[in-house]
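Taking it in order: structure first as structure tokens, then the write-up.
The values are calculated or read from the model by the stated rules, or taken from the named source; none is laboratory data. Everything quoted here is computed from the prediction, not taken from an experiment. Glycine also receives a Cβ, built like all others from the backbone with ideal geometry; neighbour counts cover every protein chain displayed. Side chains are part of the model used for accessible areas, which takes the heavy atoms of the whole protein and leaves out ligands, DNA and RNA. Shrake-Rupley method; radii C 1.70, N 1.55, O 1.52, S 1.80 Å.
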Amino acid sequence: MTGHPAHHHQETGGLPLEVLLPAVFVVLLAAGYVLLAGRARRRNAQAGWSRWRTGWFLAGCALLAAGLLPSIAPWAHGDFRGHTLQHLLIGMYAPLGLVLGAPVTLLLRNLPAEQGRRLTGLVQSRPLHVLANPVTALLLSVGTLGLLYFTPLYNAMSANMGLHWLLHAHFLLAGCLFAYVIAGPDPAPARPGVLVRLVVLGVAIAAHAVISQLMYGGFGINIHAPVDQVQGGAQIMYYGGDIAELLLAVALVATWRPQPASRRAPRPTRRPEARPAVP
């Protein structure tokens, strides 16, 4: 294990580009949500829009900003422990808040009827059905960690700013997909039952634990960083990942609603046997 590669900082108007771009992105994301929430309340005062949903989404934006902006971001560029903390914030904690904000439902509340039907059709489409499968979400969120840390991929992405931002985008999108599949309140195509989702979450917890322990022991990893940084990063991933997945399990239970009786398949009724007429 060798030293961590350094990044070249680009500046625009006195602010580094790696600070300006994520700051603008997070501000636009939060402002857009708040504007849509206010518009939803004005359009339908009776239905309104939950302030809890708004609070969750803004908390997700704050966690995303914490992961992308100083002081964690510069630490992550030069220390593997910072990278691991950044990964947890961007890929596990922030997505949970963003998904619990139910942004798709909020968007549907604001769209005209025709555009709303199109969005609903997209949500129910076959490609999204495949993408929102729990196994697909698990492979994209947890499975890629093995590819990242046990091949030269992490070192290559750390040495290139564009690839590094691509890694951030993957963490965020994959994390949002996994949180959406497991505990998302938004509409989803044929979301599996609670038991299936709990099993998938259990597999994710076990996979995170195995990767963290292999990383701590230095078995098969390919990370150019000092040993103490790699072991510290492994501990952050182990304990921080457990907390994030526990919160996701709590969200799953909290957002679960039993299927209404009217939607359940009716039980077949036995027709009474015909009795001979009494003369």
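Okay, residues lined up against (1) modelled with pLDDT of 95 or more; (2) more than 23 Å from residue 174 (Cα to Cα); (3) part of a helix (DSSP H, G or I):
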| site | (1), (2), (3) |
| --- | --- |
| 42 | no, yes, yes |
| 49 | no, yes, no |
| 85 | yes, no, yes |
| 98 | yes, no, yes |
| 118 | no, yes, yes |
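Determine, yes or no, whether residue 234 is at pLDDT 95 or above, under 24 Å from residue 57 (Cβ atoms) and among the aliphatic types (A, V, I, L, M).
The answer is no for residue 234.
Pick from the range 24-63 the residues that are without any contact (Cβ under 8 Å) to a residue 40 or more places away in the chain and either farther than 21 Å from residue 176 by Cα or touching a Pro at 6+ places or on another chain (Cβ under 7 Å) (or both): which of them is surrounded by the most Cβ atoms within 10 Å (Cβ to Cβ)?
Taking the candidates together, the pick is 41.
Which of the residues spanning the range 74-86 are open to solvent by less than 10 Å² (accessible area, probe 1.4 Å) and not aromatic (Phe, Trp, Tyr)?
Correct list: 76, 82, 83, 84, 86.
Looking at the range 86-109, I want the residues that are over 23 Å from residue 35 (Cα atoms) and have a partner that is small (Gly, Ala, Ser) and open to solvent by 20 Å² or more (accessible area, probe 1.4 Å) with Cβ atoms under 6 Å, at least 6 apart or on another chain. Which pairs are those?
From residues that are over 23 Å from residue 35 (Cα atoms), the pairs are 89/66.
So, of the residues in the range 100-116 that are of a type in the set (A, V, I, L, M) and modelled with pLDDT of 90 or more, which turns out to be most open to solvent (accessible area, probe 1.4 Å)?
107
What residue, among those in the range 153-212 that are in a loop (DSSP other than H, G, I, E, B) and open to solvent by less than 20 Å² (accessible area, probe 1.4 Å), is nearest to residue 82 (Cα to Cα)?
Ranking the candidates gives 184 first.
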